[in-house]
Amino acid sequence: MAVRDSASLLVGLVVLLHTWRAWAAVEVNMKDKVEVNLGEKAQIPCLYTSDDGIGGLTIEWFYEKGLGVKKRFFQQAGLMKTVDNSTHFTERISVNHSNNTMMLTIRDVKLEDQLDYICAVKGLTDGSGEGRTKLRVFVKPEPPTIEGVQNGISVNEEVTSLVGSCEVKNGYPRPNITWYKDNMPLRINKNEVEVESTVTTQSSGLFSVKSELKKKIVKEDKDALFYCEVTYFVAGSTMMSETRQINVNVLYPSTAVKIWVESPKGKIKEGDSIELHCKGDGNNPSSLFLIKYLKGNANWENDTVLLENVTRQNSGVYECISTNTENFEDISNNTEVFVNYLDPAVVMPNNVMVMAKGNELKATCNALSSLQTKTAWFKNGQEVSEGHTLILKNVTFDTAGVYKCVVTVPEIEGMTTSSSLRVHVEGQPEIMETPLTVIETFDKTVELVCDVRGYPAPTITWIVSDGMVPDSDNHMTTTDYGTKSVVMVDVTSNATAVCNASNEHGTDMRTFNIKAKTIIQTTTPAITTISSVTVTNTTTADITTNYSTTVTNTTTADITTNYSTTVINTTTAVITTNYSTTAATASPPKTIKKESNGFIIAVLIVCVLLLAILGSVLYFLYKKGKICGRAGKQDLTREKSSKDNIVVEMKSDNTEEAILLGVNGEKQPPNDQ
């Protein structure tokens with residue numbers, strides 16, 4: 001009994017020991033995969049549970065190359081760490097321990113770092129455990145490129161034709177390429193749509209993919225846009241990139257053709273250049289074009305024709321013919337061209353019309369045109385009438401001249417024609433008014449103008465009183481209304497010139513009176529005043545003031561005013577005041593009207609009156625003592641004029657108290673008397 005109980009107790013202890021060991025076994029937890037982009041830092045955590053402390057554990061890191069072959073590159077036994085130096089990433093890894101976590105860090109991840117990493121943990125008493133993580137490395141590829149075919153693709157091809165190629169380089173893992181047409185993905189369909197892809201692995205381990213699209217081209221593809229979409233992977237996501245869009249040059253035959261006038265736009269007139277274009281609705285460079293002028297039986301083997309300086313003879317039907325060289329089928333179309341015209345204007349009566357004064361003038365102007373016209377009459381640039389007919393009643397010499405008829409087509413700019421009519425009005429010569437018939441001049445020659453109206457054109461002759469006959473023939477011109485003569489006459493003295501105009505209807509004359517003027521150059525003081533005072537006992541001082549003004553070709557006016565007073569003294573005081581003005585000689589005008597002498601005389605009278613008033617004022621001031629006063633007199637000496645000065649002497653024998661003046665005009669003391 002005791003032996004049986006002991007055996008039962010032993011069995012229970014063994015079972016308990018095994019159960020405790022199962023509860024205390026080492027557990028390791030790791031991620032299935034860690035994704036990282038090339039060149040970045042990868043961190044692979046290893047979480048474990050164990051009752052043994054870090055000192056009782058052995059932790060090892062392995063990587064697996066494949067086929068179950070593992071290689072250790074790190075070990076930590078207790079507190080001792082060992083790193084295997086034979087791996088390709090020995091210099092780029094580090095392993096840190098914190099809170100039952102071993103963190104493996106790989107810096108600057110390379111493509112060859114994409115491996116399975118194993119973390120193994122073994123305890124002294126509670127067994128061992130391990131886990132693994134797959135490190136995945138991603139490389140973003142270069143932007144994709146696309147190239148379309150350069151030559152055109154015919155819709156008559158029976159097999160698929162190459163549309164273009166798309167390529168993406170240096171990506172990892174391998175990128176995928178999908179073709180699109182007008183934003184819709186193309187699905188592979190034998191004999192309709194085919195895609196061929198080529199994958200190239202670079203020495204770096206990166207992938208490059210090239211895809212070619214082949215398609216059975218139809219006419220609807222002429223406006224289609226093709227492009228590629230590239231899908232690639234990066235850490236934690238999937239990315240997409242698109243290429244630019246390309247268009248295919250689809251060749252297809254024309255089903256219709258048209259011909260039109262490219263220029264000028266709008267209506268055509270004679271003298272224009274016409275550019276005809278011919279084009280079909282197809283796209284086939286092998287098609288032939290022919291333009292025919294049906295009226296003139298002219299042909300041009302081209303799709304463009306230029307007709308320069310066209311006339312109304314170029315009007316007619318032009319046909320365009322397009323020939324398909326693949327099946328030699330023709331299609332055609334035509335257009336009608338009309339060239340508008342405007343014939344030269346015709347004036348009736350023609351060119352010249354001679355009329356008698358008082359009659360009525362009537363003329364017509366017409367121009368044949370394919371369009372509606374507008375007619376206007378002009379004289380000297382001014383419009384005088386509107387319409388085809390010009391009517392002028394009771395004509396005079398003013399009616400004579402050139403009338404221009406202008407015919408325009410309002411619908412077409414620049415379409416115009418014109419003609420002229422010269423009108424002569426018969427009659428006796430009439431010399432037109434001239435502003436000057438009396439001419440006063442200082443020049444040696446004078447120009448005379450005689451402008452005469454009349455028809456036939458009057459003959460003009462000149463007669464001068466001094467017997468000199470000017471050469472008028474060399475200065476005679478015919479005008480729209482008559483004759484005009486300009487002559488130069490020598491002026492040596494007063495003369496008379498007569499202009500005689502005559503024709504078969506009579507004569508007219510005009511007289512010009514020429515007065516020769518002589519230029520007098522002189523310098524005369526305008527106003528000179530000299531005051532001189534001599535003081536002596538019992539002597540009367542006379543004061544004389546002369547004012548002299550000289551005007552060219554006029555009379556000089558002299559004014560004298562005498563003043564008298566008595567001064568008791570033997571001292572002589574001399575007061576002299578000179579006012580001198582030199583008149584500048586001015587060139588007189590070439591011609592002076594006869595009526596201007598009265599104005600000059602009036603001016604002289606006003607000047608004389610002003611000078612008389614000035615003398616009276618001076619006398620008044622002298623009497624009031626304002627000048628040369630009784631309280632004391634001074635010798636006022638001013639610079640004498642260089643010309644004739646007038647001296648005024650004043651003496652006095654009055655019994656009034658004498659005013660003592662020194663030689664220099666200073667007052668003398670009484671003891672000097």
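With the Cα gyration tensor of region 145-251 giving a ≥ b ≥ c as the square roots of its eigenvalues, does the rule (a/c under 1.5 for rounded; else a/b larger than b/c for prolate; else oblate) give rounded, prolate or oblate?
prolate
For the cross-link pairs Lys267/Lys295; Lys295/Lys404; Lys267/Lys362; Lys222/Lys258; Lys110/Lys181, which exceed 29 Å when the distance is taken from alpha carbon to alpha carbon?
Pairs exceeding the cut-off: Lys295/Lys404; Lys267/Lys362; Lys110/Lys181.
Sort 96-102, 59-65, 309-315 by packing, meaning the average of other beta carbons within 10 Å per residue, with the highest value first.
59-65, 309-315, 96-102
Could you grab the relative contact order for region 125-199? Cα pairs under 8 Å, six or more apart, rounded to a whole percent.
30
Of Ser263, Ser419, how do they rank once you tally other Cβ atoms within 10 Å and put the fewest first?
Ranked by crowding around the Cβ, least crowded first: Ser263, Ser419.
Which shape class, rounded, prolate or oblate, goes with region 432-516 when its Cα gyration tensor gives a ≥ b ≥ c as root eigenvalues, a/c under 1.5 marks rounded, and past that a/b bigger than b/c marks prolate?
It is prolate, given that a/c is not under 1.5 and a/b is the larger ratio.
Using amide H atoms built in the peptide plane, which far-off residues or other-chain residues are under 5 Å from Val384 H to H?
Hits under the 5 Å cutoff: Trp377, Phe378, Lys379.
In Å, what Rg and Dmax follow from the Cα atoms of region 142-183?
Spelled out, the Cα radius of gyration and Dmax of region 142-183 are 13.7, 42 Å.
Once amide H atoms are built 1.01 Å from N in the peptide plane, which residues 5 or more positions from Ser370, or in another chain, come under 5 Å H to H?
Tyr341
What FRET efficiency comes out for the pair Glu447/Glu336, r = Cβ-Cβ distance, R0 = 45 Å, nearest 0.05? List each step's numbers first, then the result.
Values: r = 67 Å, r/R0 = 1.49.
Computed FRET efficiency for Glu447 and Glu336: 0.10.
Is the shape of region 22-138 rounded, prolate or oblate, going by the alpha carbon gyration tensor and its root eigenvalues a ≥ b ≥ c, with a/c under 1.5 for rounded and a/b larger than b/c for prolate? Don't skip to the answer; put the middle values down first.
Details: a/c = 1.93, a/b = 1.74, b/c = 1.11.
Taking the square roots of the gyration eigenvalues as a ≥ b ≥ c, region 22-138 is prolate.
If you stretched the chain out fully between Lys258 and Lys362, how much longer would it get, using 0.36 nm times the residue separation minus the C-alpha to C-alpha distance?
32.1 nm
Determine the principal axes of the Cα atoms in region 359-460, then give the extent along each, sorted from largest to smallest and rounded to whole angstroms.
66, 31, 19
If R0 is 30 Å, what FRET efficiency do you get for Asn151 and Ser197 from their C-beta distance, rounded to 0.05? Could the numbers behind the result be given before it?
Working: r = 23 Å, r/R0 = 0.78.
That gives a FRET efficiency of 0.80.
Taking 0.36 nm per residue of separation and subtracting the Cα-Cα distance, what length does fully extending Thr478 through Asn170 add?
Taking Thr478 through Asn170 to full extension adds about 101.1 nm, to one decimal.
Could you grab the relative contact order for region 312-456? Cα pairs under 8 Å, six or more apart, rounded to a whole percent.
Working: 279 pairs, mean separation 30.4, N = 145.
Relative CO of region 312-456 lands at 21 percent.
A short reminder: the numbers here are calculations on the coordinates, not readings from a lab. Just so it is clear, the model here is predicted, and its values are computed rather than measured. Heads up, the Cβs are rebuilt from the backbone with ideal geometry, glycines too, and the neighbour counts pull from every protein chain shown.
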